[in-house]
Amino acid sequence: MRILIIEDEGKAAAFLHKGLTESGFIADVAENGEDGLFKVLSLDYDLVILDAMLPRKDGWTVLAQMRQQHRSMPVLFLTARDAVSDRVKGLELGADDYLVKPYAFTELLARVRALLRRRGERQPEVLQIADLRLDLVGHRANRGDARLELAPKEFALLSLLSRRQGEVLSRLVIAEQVWDMNFDSDSNVVDVAVRRLRRKVDDPFAVKLIHTVRGMGYVLEAR
Ligand code: CA
């Protein structure tokens, strides 16, 4: 589970990062609203912890813009004071829950877990794109009646491309999401993995689903 912390106060951010990491999450920190929004739009987070008062784009603007861009992951909003108007504004803009500073970490953790549980219940278990059928729970992939035999990383890569169908994903994003690490930009690990995946998912079938977008990355869609 990957969580983004958008918080400009260094100490608070470091404290959250440490606490969440110790609780078994992968946590990233963005120190201002602009950077935070960029990260939300380019990576696949399971949850965002968003401070209201931020430099270079406040929390409400970040929230409104990420929802406009169809990023639907749960958002836990942090407000500095218990002002009803602040809370209402956050919830109206699409926050899923809020906490008033100062908060106890144990309470934040409980809210984070509750939000992730709720999200888990909402997630589709099966994705269908053309004749590709992906069972995310059973870890099975089919094209029509043909079962695709995929290695775990191949399945992870196909899941990522399918969950974000129609969206061009850069090699960097794919590397971070599937391998949870950055590769050197000249590394061809992603290209090799995509080639192997295509051999199983596309080569035996007439309709190709995985497409290369020159200079940008890869996209999965039925054209
Ligand atoms: Ca702040």
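A short reminder: the numbers here are calculations on the coordinates, not readings from a lab. Please read these numbers as outputs of a predicted model, since none were measured by experiment. Ideal geometry is used to build each Cβ from the backbone, glycine not excepted, and the neighbour counts take in all protein chains shown.
Stretched out straight at 0.36 nm per residue, the stretch from Asp203 to Arg113 would grow longer than its current Cα-Cα span by 28.3 nm. Prolate is the label for the range 86-223, because a/c, from the alpha-carbon gyration tensor with a ≥ b ≥ c as root eigenvalues, is 1.5 or above and a/b exceeds b/c. Using R0 = 35 Å, the C-beta based FRET efficiency linking Arg195 and Met1 works out to 0.75.
Here each label is just a point 7 Å from Cα along the line to Cβ, and for Ser42 and Asn188 those points are 2.5 nm apart. You can think of it this way: the chain between Ser170 and Ile26 has 49.8 nm of extra reach, that is 0.36 nm per residue less the Cα-Cα gap. Below 16 Å, Cα to Cα, which lysines can Lys200 reach? Residues fewer than 8 away in the same chain don't count. Answer for Lys200, where 16 Å is the Cα cut-off: Lys153, Lys208, listed by chain and number. When DSSP beta bridges are restricted to pairs lying wholly in the chain, around 50% turn out antiparallel.
Here the spin labels are modelled as points 7 Å beyond Cα on the Cα-Cβ line, and at Thr212 and Ala151 they lie 2.0 nm apart.
Taking every C-alpha pair closer than 8 Å and separated by at least 6 residues, the mean separation divided by the residue count of the chain gives a relative contact order of 12 percent. Taking Cα centre as origin and charging only the Cβ of basic (Lys, Arg, +1) and acidic (Asp, Glu, -1) residues, the dipole magnitude of the chain rounds to 620 debye. Between Leu127 and Arg67, the modelled labels are 2.5 nm apart [label points 7 Å from Cα along Cα→Cβ]. Against the chain, whose longest principal axis comes from its Cα atoms, helix 59-68 is set at around 30 degrees.
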